[in-house]
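The next block holds one structure in the form of structure tokens; read it before the comments.
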Amino acid sequence: MKGKKVISWPASIAIVVHYILGYGLLYPAVVRRRESYFLLYYQERMIINTGIYAFVFLVTVIPAFPVLKYGWNKLTDSYAWNLRKIFNGELRMFALLGISALLLHLFGLENSRNQAEIHRMLLLNPYYYSLLVSVFAPFVEETVFRVCIFARLKESGMKIPGYLVSAVSFGFIHIMDSFIRGYFWELPFIIPYSLLGFVLAYVYDRTDSVWCSILLHMLHNSLSLLLGA
């Protein structure tokens, strides 16, 4: 089997730290939240945003290329079996999201700020942001949370912590902006996002292919956009 199942600890840590501190905190603070940024024309802001997305994609995905190559070979070796795992994973996702939505509804929680922001961006430029949600996010997030956290911990003999850490960190990154801004009432939204992260890790674990979790992530995000979820 060509390629590698995991990447090194230093590379994994660097990718995770860059994603959380760079993409999650530093770049928005330096660029998107500056007053001068909002004085630019919309097209100019889009160029800056695209540059950030492209940079994050490259520095995240390129170091994981050997794992992507290995995962592609595993995917194509048992294509039909892997597709069934992806489809079953999607069914599990919607079932878990339905249950968590009912529980959150009991506490008067409907939509997170992350979901509201995605809907707002889609209204501004549906094709551009649909591409980000359906392609950029699955590739980058699966590399960060499944390759650099779950697979790295699993390979080190810490499979259960790998599930927990990758799922909860995946959940937290989706509410991190709200948490930083002091909207602590949004903390329960970490539950549905973490459940999604758990299923994604499970599919990766069962198939031994990050491409399966990427495709599942793409499928789920695309269906969510189509259904307006």
Among Trp211, Tyr70, Tyr23 - extreme Cα towards positive end, dipole of segment 9-227, charges at beta-carbon: Tyr70
For Cα pairs less than 8 Å apart in space and 6+ apart in sequence, what is the mean separation divided by the residue count of segment 9-227, i.e. the relative contact order in percent? 31 percent
Got a sec? Charge dipole of the chain, +1 on Cβ for Lys and Arg, -1 for Asp and Glu; which of Ala80, Pro188, Leu97 is way out at the positive end? Ala80
Among (1) 49; (2) 45; (3) 40, which one is percent of Cα pairs over 24 Å apart computed from these coordinates? (2)
Summed residue charge, Cβ within 15 Å of Pro10's Cβ, Lys/Arg positive, Asp/Glu negative: +1
Quick calc, the chain, dipole around Cα centre from Cβ unit charges on Lys, Arg (+) and Asp, Glu (-), nearest 20 debye, gives 480 debye
How would you rank 178-184, 69-75, highest first, on the average number of other Cβ atoms within 10 Å across their residues? 69-75, 178-184
Nonlocal Lys pairs with alpha-carbon distance under 17 Å, the chain (8 or more apart, or different chains): 10
Would you mind putting 212-219, 21-28 in packing order, based on average other-beta-carbon counts within 10 Å, highest first? 212-219, 21-28
Check: C-alpha center segment 166-186 vs C-alpha center segment 104-141, spacing in Å is 14 Å
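Read-outs throughout are calculated quantities, based only on the coordinates presented, and are distinct from any laboratory measurement. The structure displayed is predicted, hence computed values, not measured ones. Reconstructed Cβ throughout: ideal geometry from the backbone, glycine too, with neighbour counts over all protein chains shown.
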